[in-house]
Amino acid sequence: MNFGYREVCLDHDTGERHPESPDRLRAVRRALKECHGVQYVAADDADVDLVRDVHDTEYIEEFREYCEDGGGHWDADTVAVEATWDAALASAGLAVWAAESAGPDVPARQTPFALGRPPGHHAVGDDAMGFCFINNAGVAAQAALDDGADSVAILDWDVHHGNGTQDIFYDRGDVFYASIHEDGLYPGTGEIDETGAGDGEGANCNVVYQPGADTADYLAAIDEVIAPAIADYDPDLLLVSAGFDAHEHDPISRMRVSTEGYGAMTERMVSLADDCGAGLGFVLEGGYGLDTLSDSVKMVHEVFDGYQPVEPDDDVSEEARDVLDSLEDQGFGSK
């Protein structure tokens with residue numbers, strides 16, 4: 001794979017014991033040293049005018065000034081320092097690079113993966129939250145649309161609901177947003193009946209699983225609901241908001257996705273993008289166990305280098321089946 005990476009993203013210093021630390025990127029880079037075919041790209045910063053197309057101008061100016069003044073705790077969990085402004089623009093720029101580098105004719109081994117931080121999917125149009133300041137995937141989707149794409153689909157498999165991405169595109173028909181997330185976890189958004197509004201009606205799909213959902217449950221969500229819905233939507237670009245905190249050994253969630261499971265989900269994304277004739281790109285979100293994060297990103301890369309992950313033998317849980325049946329009753333998926 002081609003990985004977008006900038007050293008300035010390490011300068012976003014969240015302090016001791018904060019889960020979203022620079023060590024996340026360092027761990028991923030160490031793991032990828034063991035892999036064949038890894039290439040790094042230092043993309044440009046996101047254009048501030050493009051960022052303002054996704055976020056309110058007043059908020060972006062407030063965020064810039066906050067960093068210029070030295071930063072601090074924006075809220076209890078979301079920390080900024082002076083360098084955070086530059087890191088956030090770089091992280092968004094890496095996501096834009098992933099969108100612009102993706103294409104139906106791009107060889108699999110050149111599939112782009114943006115390794116930026118701070119992450120983005122909790123950043124709403126007018127506020128920062130949940131470790132996020134600029135909605136990286138949102139800015140990337142907007143860049144693709146500005147460059148001529150008719151539509152973009154975003155699958156968010158981070159364990160937390162991407163409330164920011166949903167909010168930004170909720171009443172728009174040019175971006176389909178789908179999320180698989182743990183019920184009751186931060187930020188407490190993303191109900192199953194939130195399916196979009198206005199032009200975006202039917203373009204928002206939330207798979208809300210109870211704690212303990214495993215790889216088989218996640219794959220069923222993709223196979224039975226999300227992939228058919230995105231295929232019907234027929235996007236020009238498929239972006240994955242790739243958080244790895246649903247891993248069975250991640251310290252801040254109770255989901256049970258295996259490392260092999262992330263490989264199997266990646267295979268599904270390759271097939272889905274092929275079916276749609278769409279470009280495919282990945283944008284890093286969460287994942288807070290350094291070993292599980294780095295192993296999972298490495299697994300995504302290995303799939304594009306020819307590895308075939310092991311499929312689970314487990315049946316879909318009754319709880320997950322109820323969720324999938326409810327979504328199919330709403331018109332999503334294969335029913």
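The values are calculated or read from the model by the stated rules, or taken from the named source; none is laboratory data. Note that this is a predicted model, so its numbers are computed, not measured. Reconstructed Cβ throughout: ideal geometry from the backbone, glycine too, with neighbour counts over all protein chains shown. Areas reflect the complete protein model, heavy atoms only, side chains present, ligands, DNA and RNA absent. Shrake-Rupley method; radii C 1.70, N 1.55, O 1.52, S 1.80 Å.
Highest mean first, how do 227-233, 144-150 rank when packing is the count of other Cβ atoms within 10 Å averaged over residues?
227-233, 144-150
Reducing region 302-334 and region 170-185 to their Cα centroids gives an inter-centroid distance of 17 Å. Residues whose amide H falls under 5 Å from that of V175, counting only those 5 or more places apart or on a different chain, are V152, with hydrogens built in the peptide plane. Each residue of region 114-124 was assigned a 3J(HN,Hα) from its phi angle through the Karplus expression (A = 6.51, B = -1.76, C = 1.60, θ = phi - 60°), giving 7, 9, x, 8, x, x, x, 6, 8, 6, 8 Hz with x at Gly and Pro. Sequence-ordered 3J(HN,Hα) estimates for region 239-250 from the Karplus curve with 6.51, -1.76 and 1.60 and θ = phi - 60° stand at 10, 10, 7, 9, x, 10, 8, 8, 4, 4, 10, 5 Hz, glycine and proline given as x. Each Lys and Arg contributes +1 and each Asp and Glu -1, all at the Cβ; summed about the Cα centre of the chain, the dipole is approximately 1220 debye.
Ligands, DNA and RNA are left out, and with a 1.4 angstrom probe the accessible area of the chain is 38 Å² per residue.
Please report Rg over Rh for region 220-321, where both radii come from the alpha carbon positions and Rh follows the Kirkwood definition.
A ratio of 0.96.
Per-peptide packing, taken as the mean over residues of other Cβ atoms within 10 Å, places 128-136, 268-276, 14-22 in the sequence 128-136, 268-276, 14-22 from highest down.
Restricted to Cα atoms, the chain shows a radius of gyration and a Dmax of 18.0, 54 angstrom. May I ask you to evaluate 6.51 cos²θ - 1.76 cosθ + 1.60, the Karplus curve with θ = phi - 60°, for each residue of region 55-61 and list the ³J(HN,Hα) values in order in whole Hz, giving x for glycine and proline? Working through the residues one at a time gives 10, 4, 4, 4, 5, 4, 5 Hz. Our helix-only sum for the chain, with -39,500 (n - 2.57) per DSSP H run of n ≥ 4 divided by its residues, gives a mean residue ellipticity at 222 nm of -11500 deg cm²/dmol. Using a probe radius of 1.4 angstrom, the carbon and sulfur fraction of the accessible surface of the chain is 41%. Placing a label point 7 Å from the Cα of D234 along the Cα-to-Cβ direction, the residues of region 132-164 with a backbone N closer than 12 Å are 151. For region 223-238 versus region 27-43, the inter-centroid distance based on Cα atoms is 29 Å.
Pick from G277, G190, G162 the residue whose mean-square fluctuation is largest in a GNM of the chain, springs joining Cα atoms under 10 Å. Among G277, G190, G162, the largest GNM mean-square fluctuation belongs to G277.
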